[in-house]
């Protein structure tokens, strides 16, 4: 296992929610949009619970291509119950590419950084949060930072 895979796995074990509902989706999405705006980042943000899109925002400078990217990344989270970046890193660690080795349609699945599972303690993965518009490393880092802040807010408010 590579250091990158271990770090990504640790993030997933650490970033587990105590609760997640429609209001939480709006709060998480709004937090992500605020972080992106403060950095001048042109990104599309989506938050899903199951198949339902609960939050979606495309900032100036994005296009329909970003919508397609978040959909493709979220499908990877739904299929593997892991972040799209971790799934891609696992393939890279084995010297393969996701596109060649997964046997999944690359028009429907993208194991690029930016989509993260919304894992509920005691339940498992209930949805995904995704960003598209930056490099895959930056997309992933933005989502992780937002989830860290979101979990801090939940802890303060008494999840």
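Do the conditions hold for residue 26, that is, is it touching a helix residue (DSSP H, G or I) at 6+ places or on another chain (Cβ under 9 Å) and either surrounded by fewer than 19 Cβ atoms within 10 Å (Cβ to Cβ) or free of Cβ contacts under 8 Å to residues at least 24 places away in the same chain (or both)?
Values: touching a helix residue (DSSP H, G or I) at 6+ places or on another chain (Cβ under 9 Å): no; either surrounded by fewer than 19 Cβ atoms within 10 Å (Cβ to Cβ) or free of Cβ contacts under 8 Å to residues at least 24 places away in the same chain (or both): yes.
No; evaluated as a whole, the condition is false for this residue.
Sort through 146, 141 and tell me the only one that's under 11 Å from the mean Cα position of the chain (by Cα), part of a helix (DSSP H, G or I) and free of Cβ contacts under 8 Å to residues at least 60 places away in the same chain.
Numbers: 146 fails: free of Cβ contacts under 8 Å to residues at least 60 places away in the same chain.
Step by step, each of 146, 141 is checked, and only 141 is under 11 Å from the mean Cα position of the chain (by Cα), part of a helix (DSSP H, G or I) and free of Cβ contacts under 8 Å to residues at least 60 places away in the same chain.
Which members of segment 12-26 meet the condition of being in contact with a strand residue (DSSP E or B) (Cβ under 8 Å, 6 or more places away or on another chain) and closer than 13 Å to residue 116 by Cβ?
The answer is 12, 15, 16, 17, 20.
Which members of segment 115-133 meet the condition of being over 13 Å from the mean Cα position of the chain (by Cα) and either free of Cβ contacts under 8 Å to residues at least 40 places away in the same chain or within 19 Å of residue 74 (Cα to Cα) (or both)?
Of segment 115-133, the ones over 13 Å from the mean Cα position of the chain (by Cα) are 120-124.
Result: 120, 122, 123, 124.
Among the residues of segment 77-97, are any surrounded by 15 or more Cβ atoms within 10 Å (Cβ to Cβ), touching a strand residue (DSSP E or B) at 6+ places or on another chain (Cβ under 8 Å) and farther than 19 Å from residue 148 by Cβ?
So far as segment 77-97 goes, yes, one or more of its residues are surrounded by 15 or more Cβ atoms within 10 Å (Cβ to Cβ), touching a strand residue (DSSP E or B) at 6+ places or on another chain (Cβ under 8 Å) and farther than 19 Å from residue 148 by Cβ.
Please list, ordered by first then second residue, the pairs with beta carbon atoms under 6 Å, 6 or more apart or interchain, first in segment 68-93 and closer than 22 Å to residue 14 by Cβ, second modelled with pLDDT under 95 and not in a helix (DSSP H, G or I).
93/2
Working carefully through the options 44, 62, find the one that is surrounded by 15 or more Cβ atoms within 10 Å (Cβ to Cβ) and in contact with a helix residue (DSSP H, G or I) (Cβ under 7 Å, 6 or more places away or on another chain).
44
Looking only at segment 39-62, decide whether some residue is assigned to a helix (DSSP H, G or I) and either more than 12 Å from residue 129 (Cα to Cα) or over 11 Å from the mean Cα position of the chain (by Cα) (or both). Lay out the reasoning, then the answer.
Narrowing segment 39-62 to residues assigned to a helix (DSSP H, G or I): none.
No; the residues of segment 39-62 include none that is assigned to a helix (DSSP H, G or I) and either more than 12 Å from residue 129 (Cα to Cα) or over 11 Å from the mean Cα position of the chain (by Cα) (or both).
The values are calculated or read from the model by the stated rules, or taken from the named source; none is laboratory data. Quick caveat: nothing in here was measured; it's all calculated off a predicted structure. Cβ: placed from backbone, ideal geometry, glycine included. Neighbour counts: every protein chain shown.
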